[in-house]
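Here's the structure, in structure tokens; my notes come after.
The values are calculated or read from the model by the stated rules, or taken from the named source; none is laboratory data. Values in this document were obtained by computation on a predicted structure and should not be read as measured data. Every residue, glycine among them, receives a Cβ derived from its backbone with ideal geometry; neighbour counts consider all protein chains shown.
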Amino acid sequence: MQLYTKILIGMFIGVVLGLLIGPNSSILPQDSVRLSSGVTVYEAQNGTVTNNFKGIKTAKIIKEDGDWIEIGFQLSAADQLRLKSGGVTLSDKSGNPIEPGTTVEAWVKDEQPDVRRYAGIGQILVDNTEWLGQLFLAMIKMVVVPLVFFSLVVGIASLGDVRKLGRMGGRTLGFFMMTTVVALSIGVGLANLIKPGKMLSDKDRDNLLASYSDGASSSVANAAEAPSFLDQIVSIVPSNPIGALAGGDMLQVIFFAMMLGIALTFLKDDRADLVVDVFDRLNDAMVMLVHIAMKLAPIGVGALLFKVVGNTGLSVLTALGVYALVVLAGLLSHMFFTYGLAVKFGTNLSFLPFLGAIKEALVMAFSTSSSSATLPVTKGCCEDNLNVSAETTSFVLPLGATVNMDGTALYQGVAAIFIAQIYGMDLSMGDQVTIVVSATLASVGAASVPGAGMITLAMVLTAIGVPTEGLALILGVDRILDMFRTATNVVGDSTATVLMAHLEGESLKVMSDAEDASDPTKGFEGRLDHGQQSVQAENDPQ
Ligand code: ASP
């Protein structure tokens with residue numbers, strides 16, 4: 001069975017189990033509650049508040065009585081300190097002090113959406129399987145920085161002519177910019193046409209705002225710390241390259257690797273050869289590491305989806321369905337229209353086989369919601385399945401994963417208009433242009449990690465004067481939309497890669513599944529088992 005098929009099976013199992021036995025399961029008993037911050041916890045059902053356990057987030061349901069729910073929770077030492085520092089004296093019913101670890105019984109009013117039920121067993125299952133997904137992600141992320149660094153230095157050092165780099169750089173950035181503006185126009189156009197924000201009733205809106213306000217305020221707090229675009233440009237030059245590598249600052253790593261690669265091409269005679277050779281072999285080893293990590297993909301991906309689907313459930317999707325559908329429709333149009341045309345007219349490939357060739361990268365993007373975590377896989381797909389040279393992938397892909405996020409930009413356009421519509425604000429033409437400009441910058445500034453687009457969306461909202469609290473409205477579906485926009489981002493980066501390769505005169509070719517399975521030096525099938533041969537074959541093409 002092909003690796004890709006195994007990953008799909010893993011995804012499917014994750015989704016089904018998430019729906020069936022996740023915290024939002026409809027078949028497991030909903031025996032616990034999550035409390036929004038600020039919910040009053042009463043000592044007794046009659047409404048006495050002796051100890052106000054504000055800040056308790058989860059509790060078991062002991063019994064339900066009309067509008068009231070009796071809950072039980074363990075008071076941790078941290079809870080106790082926090083409550084004490086807030087001047088709350090903790091004593092049980094007989095007046096004795098409550099020690100940490102004691103199970104406390106209390107009451108809350110059964111008020112949606114501040115008190116939300118979930119299945120305790122489902123949560124335990126998620127908590128105990130989460131590590132499988134995290135382990136897989138960590139294995140892939142481990143390779144990202146060294147892979148980008150080694151491959152970019154080698155790629156640029158072997159370009160020979162540095163002018164080629166300038167040409168490719170200019171074209172790549174131009175293409176990124178153009179497609180981002182097209183993506184935003186699609187998003188803004190659709191949101192204006194369908195007006196998803198006008199479809200939410202007042203009650204639904206209040207519910208949504210109340211149930212997600214905690215998460216939104218932390219997004220707003222994070223956004224406040226995001227540096228401005230100009231600051232970001234200046235900070236591309238690392239004052240400490242080792243620090244940039246250690247901290248995984250992608251733009252700084254790219255800049256340093258490019259400069260090092262260029263410097264190597266200026267060295268006389270064969271003085272650069274040894275360094276390039278060593279980096280080249282290290283690069284091969286990194287590629288092999290990706291293949292080792294991908295062995296874990298079916299299980300890792302399953303665990304990641306189990307958590308997302310289990311925690312989100314499909315219920316939120318119904319409330320925000322229209323908004324989510326507009327984003328999805330926009331992403332799909334952009335993918336098939338913009339990228340479809342670019343691939344069809346800009347290269348000798350057809351679009352669907354092209355998508356088929358990067359399918360491993362698509363499922364990775366979808367399940368990790370991180371284009372940088374997907375980068376090693378995208379690179380493998382473009383080189384092995386589409387025959388793009390390593391020089392091109394090493395330049396275009398890391399740059400794309402860092403600055404080119406069309407899916408994110410499109411989503412930000414729709415989200416900004418949706419939130420403005422909910423607040424009943426009319427946006428002028430000028431506002432719409434501001435959205436396009438600020439979302440272009442916000443998508444460049446977004447890190448390629450899960451949820452990053454949501455954080456920089458605050459920038460866009462501020463630019464058009466929409467309250468950032470509105471982020472609360474869309475938080476519930478954000479995780480799911482993130483999967484789709486990340487997949488779009490990865491298709492965008494891959495499209496740019498094949499386009500640049502074609503412009504550089506490389507001969508592109510889609511590798512079929514059969515070829516993949518039969519050629520162990522390429523693709524995702526059989527590389528590990530034939531690792532040694534593959535290295536020998538590359539060193540000795542005859
Ligand atoms: N998760 C996205 C990515 O990695 C960024 C975002 O839109 O949040 O490409």
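Taken as a whole, the structure places GLY356 among residues that are of a type in the set (Gly, Ala, Ser), more than 29 Å from ALA458 (Cβ to Cβ) and away from the ligand (no atom under 14 Å from the Cβ). For the stretch 239-271, a residue qualifies if it is modelled with pLDDT under 90, more than 17 Å from LEU165 (Cα to Cα) and buried (at least 18 other Cβ atoms within 10 Å of the Cβ), and the qualifying residues are ASP249, MET250, GLN252. Inside the stretch 464-508, residues that are farther than 30 Å from GLY430 by Cβ and assigned to a helix (DSSP H, G or I) make up a count of 19. The residues of the stretch 359-398 that are away from the ligand (no atom under 15 Å from the Cβ) and touching a Pro at 6+ places or on another chain (Cβ under 9 Å) amount to a single one, LYS379.
Condition check: modelled with pLDDT under 90, touching a Ser or Thr at 6+ places or on another chain (Cβ under 9 Å) and among the β-branched types (Val, Ile, Thr). Does THR521 satisfy that? So THR521 passes the test. What are the pairs, 6+ residues apart or on separate chains, where a residue within the stretch 442-459 that is touching a residue at least 40 places away in the same chain (Cβ under 8 Å) and aliphatic (A, V, I, L, M) has its Cβ under 7 Å from a residue that is outside any loop (DSSP other than H, G, I, E, B) and within 6 Å of the ligand (Cβ to nearest atom)? Listed by first residue and then by second, the contacts come to ALA446/THR408; ALA446/ALA452; ALA446/GLY453.
Restricted to the stretch 482-521, and to residues there that are more than 10 Å from the ligand (Cβ to nearest atom), in contact (Cβ under 8 Å) with a residue 60 or more places away in the chain and among the hydroxyl-bearing types (Ser, Thr, Tyr), the residue that is surrounded by the fewest Cβ atoms within 10 Å (Cβ to Cβ) is SER507. Modelled with pLDDT under 95 and within 14 Å of the ligand (Cβ to nearest atom): does that describe ALA401? Considered against the rule, which asks whether it is modelled with pLDDT under 95 and within 14 Å of the ligand (Cβ to nearest atom), ALA401 comes out as yes. Inspection of the stretch 338-352 finds no residue satisfying the criterion of being within 18 Å of PHE524 (Cα to Cα) and either assigned to a helix (DSSP H, G or I) or touching a residue at least 40 places away in the same chain (Cβ under 8 Å) (or both).
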